[in-house]
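Encoded as structure tokens, the structure appears first; notes follow it.
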Amino acid sequence: MKRRRSRFFHLGMLSIALLLSLCVMGIGYAGWTDTVSIDGTMKTGYIEMVLSEGDCSQNVTASIVGHTIYIEIDAGCKGEYEYRVDIHNMGTIPVKIQDIGIVRSGGFEAVVSGVWAGTQIEQSGVNPHKVYGTVAMTVPGTGTYSCNVTFSFVQWNLYEE
Amino acid sequence: MARLRGLKRQVRLGRWLIIALAVVVVLGSLGVAYGYSSGTLKAGNMMAMACFNGPFTWVVSNDDGKVTSISPYGAIDPGDDGGGTNYDKWGGQSSDDPSETQTMGVECARYDKDVARTTAWISCDRKEITVLVENAYPSYYPTVFFGLKNTQSFSVKIKSIDISYDIPELTVTFDGVAVGDVLSSGQEVTGRLGIHTEQSARQNSTYDVKVKIELVQKEKSGCGWWYWWYWWQWGHWKWWC
């Protein structure tokens, strides 16, 4: 009796072992999967426009805040007065002047020459990364006059005519 | 009488043996069938079981300054000639910047300046492509092309494609490879990744884009008993299927 049970036991164990090993093989095979990837890093450039004071006529004083120049003329007589501004691209992307706005007070004429809407200024290190504009003001006579000149810049490919 | 009992015992034993053998043969044939489809029954291939051995075969950026030809497609990125018409920041390492997503083998519109640059390369195990975009700006449109090949001896299926980028300031297009596509052994498909920098992108910033492609073996029927057992238990397949 004992011998017969032992034989069945061995047979059962053998079958179970075979079953388990085949099942485990099934799991192993089913594990074939893979993941691949594309990793992108994008670093953006920047725009940094700096205005600085250049030469100017006597009796003309100015201050620069951001991209706006505040000019005052203490005119001793009728005539033309000038103020030169240096515009420097310190960034990594070329820019264009989108607009030049002039606000005057005191009844005189003011125009900007040398640069205009659409003027391109290359990035730092590449010419021309610096341009010069001149504000020419013609006053009718003795007196105090003032005007603000504001430059707006845009990256070169977004310039709108 | 004793002889009769012995005979009965032999019959019972024989019945068990037949049942056990039948089960073994059925499961064994399932296992063998699966083994044939994978072709990895050899012990030497066991280490390769967990991966597909580098499916990326090539990668080409359309703004790295050189036109790349890949057999049998020919020139992948015509127009990427290393020039900078009115401005050339990168010299021969980059070209006039693309202003639209490029179609493989066809020239695309480009700006007249070479401001940004895009380079791409494959890791040595050929499972990862790295793309680096430098000095990007709004409306810069680089495109990266790649080859994805089934290097295994069995068919694989694209199970999932997960595209993630951390901000809405980018628009990413990905095509050529789609979920459900089946690649037979040795088959190669070409994919395309396009990145568009939107107006709202911040200056002097870094953005990340990640595309994950999950590949699985196409035939699953050989997963054996556990496959059905898991499905019965949970109603879906686990990682092994």
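Read-outs throughout are calculated quantities, based only on the coordinates presented, and are distinct from any laboratory measurement. Just so we're clear, the structure is a prediction, and the values are computed from it rather than from any experiment. Every residue, glycine as well, gets a Cβ built from its backbone with ideal geometry; the counts of neighbours run over all protein chains shown.
Here is how the numbers come out for the structure above:
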{"read-out": "Sequence-distant residues sharing a close amide H with B:Tyr111 (under 5 Å, placed H)", "value": "B:Asp97, B:Ser99"}
{"read-out": "Derived scalar couplings ³J(HN,Hα) [the range B:136-143; Karplus, 6.51 cos²θ - 1.76 cosθ + 1.60; whole Hz; x for Gly, Pro]", "value": "6, 7, x, 6, 7, 10, x, 10"}
{"read-out": "FRET E, pair B:Leu132, A:Glu109, Förster distance 56 Å, beta-carbon r, rounded to 0.05", "value": "0.60"}
{"read-out": "Estimated vicinal HN-Hα couplings, Hz - the range A:138-150 in sequence order (Karplus 6.51, -1.76, 1.60; Gly, Pro = x)", "value": "10, 9, x, x, 5, x, 10, 10, 8, 8, 10, 10, 10"}
{"read-out": "Over 19 Å (Cα to Cα) - which of B:Lys149/B:Lys212; B:Lys66/B:Lys149; B:Lys127/B:Lys149; B:Lys89/B:Lys210; B:Lys127/B:Lys212 fall in this group", "value": "B:Lys66/B:Lys149; B:Lys89/B:Lys210"}
{"read-out": "Long-range HN-HN contacts of B:Gln187 with modeled amide H, under 5 Å", "value": "B:Asn150"}
{"read-out": "Under the Karplus curve 6.51 cos²θ - 1.76 cosθ + 1.60, θ = phi - 60°, whole-Hz ³J(HN,Hα) for the range A:98-108, x wherever Gly or Pro sits", "value": "7, 7, 10, x, 10, 10, 10, 9, x, x, 8"}
{"read-out": "Interchain or long-range residues, amide H under 5 Å from B:Thr68's placed H", "value": "B:Ile76, B:Asp77"}
{"read-out": "Computed over the range B:133-174, Cα set: Rg, Dmax in Å", "value": "15.2, 45"}
